[in-house]
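Participant: Before anything else, here's the structure in question.
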Amino acid sequence: MPAGMTNSPFNLRTLDTKSRRSLFRCSLSSRRSRGFSLIEVLITLLVFSVGLLGYASLQNRAQKAQLEVYQRVYALNLVDYMVDQIRSNPLAQGCYGLATTEVGTGFSGSYTCSSYGTTDTQAQVVDAVNDWSDLLKGTGEAIGGTSVGGLLNARGCIVYDNVNETYSISVVWQGLVETIAPTSTTCGATSYGGATSKMRRAVTYLLRTPTLDS
């Protein structure tokens, strides 16, 4: 046995306070140098993944909400377009009434009217309604032969009340998420899953036309 060493077991109690603190620091330093365990890494990855999924879901909802706002603004512009057309052609009052006809998606014919106004004012109505139908279909922009410049499955309706001399102009389309079903119009009631469908969107404008003396 080397000189200066004894065969007595190591006893922490025999060390003074300074030596104990030094030994404790060495123990902590040894533990810290071991790094992270596998379970700690897995937990960190799990928390990080959950955060990423939540962020992706939030981004998806934000994009859908933004597109919903864009569609509603576009629909209001389509309504305003037809309102201006009706106001600019008062001599053909009543000719703009489409009754049960829904233009836009699913409308493949050409609108005609011969009940009100003159030949020229009737032709103005026909052009306006057919152009409106094309705008609803989004024919202004196409990709691969498919119209993509308008609303999703948009339809337009114009109901004329000859007693009160008012027009009810509506634009309906298919939304991206479910919400409250519109009740302002029956336009497109048989589409988008039925009248109670929460995917149907609608904007309606009530226009009162002036009474013209004959």
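The values are calculated or read from the model by the stated rules, or taken from the named source; none is laboratory data. Model, not experiment: these values are computed from the prediction. Note: ideal-geometry Cβ built from the backbone for every residue, glycine included; neighbour counts use all protein chains shown.
Participant: If you check Pro9, Pro90, Pro2, which single one turns out to be at pLDDT 80 or above and of a type outside the set (A, V, I, L, M, F, W, C)? Quick ask: steps written out before the conclusion?
Facilitator: Numbers: Pro9 fails: at pLDDT 80 or above; Pro2 fails: at pLDDT 80 or above.
Of Pro9, Pro90, Pro2, the one residue that is at pLDDT 80 or above and of a type outside the set (A, V, I, L, M, F, W, C) is Pro90.
Participant: Another question about this same structure. Filter the stretch 96-110 for residues that are within 20 Å of Ala123 (Cα to Cα) and at pLDDT 90 or above; which is nearest to the chain's Cα centre (by Cα)? Give the steps one after another, and end with the answer.
Facilitator: Filtering the stretch 96-110 for residues within 20 Å of Ala123 (Cα to Cα) gives 96-99, 101-104, 107-110.
If we keep only those that are at pLDDT 90 or above as well, we get 96-98, 101-104, 107.
Working: Tyr96: 31, Gly97: 31, Leu98: 29, Thr101: 27, Glu102: 24, Val103: 23, Gly104: 20, Phe107: 25 Å.
Among those residues, the one meeting the criterion is Gly104.
Participant: If the requirement is being part of a helix (DSSP H, G or I) and either without any contact (Cβ under 8 Å) to a residue 24 or more places away in the chain or among the small types (Gly, Ala, Ser) (or both), which of these qualifies: Leu76, Leu58? Before the answer, list the steps.
Facilitator: Working: Leu76 fails: either without any contact (Cβ under 8 Å) to a residue 24 or more places away in the chain or among the small types (Gly, Ala, Ser) (or both).
Answer to the check: Leu58.
Participant: Tell me which residues, restricted to the stretch 51-96, are under 19 Å from Tyr111 (Cβ atoms), loosely packed, with under 14 Cβ neighbours inside 10 Å and small (Gly, Ala, Ser).
Facilitator: Residue satisfying the conditions is Ser88 alone.
Participant: Under 6 Å by Cβ, and 6 or more places apart or on different chains, what pairs join a residue from the stretch 185-214 that is among the β-branched types (Val, Ile, Thr) and at pLDDT 85 or above with one that is surrounded by 18 or more Cβ atoms within 10 Å (Cβ to Cβ) and part of a loop (DSSP other than H, G, I, E, B)?
Facilitator: Once the first residue is among the β-branched types (Val, Ile, Thr) and at pLDDT 85 or above and sits in the stretch 185-214, its partners that are surrounded by 18 or more Cβ atoms within 10 Å (Cβ to Cβ) and part of a loop (DSSP other than H, G, I, E, B) give Thr204/Thr185.
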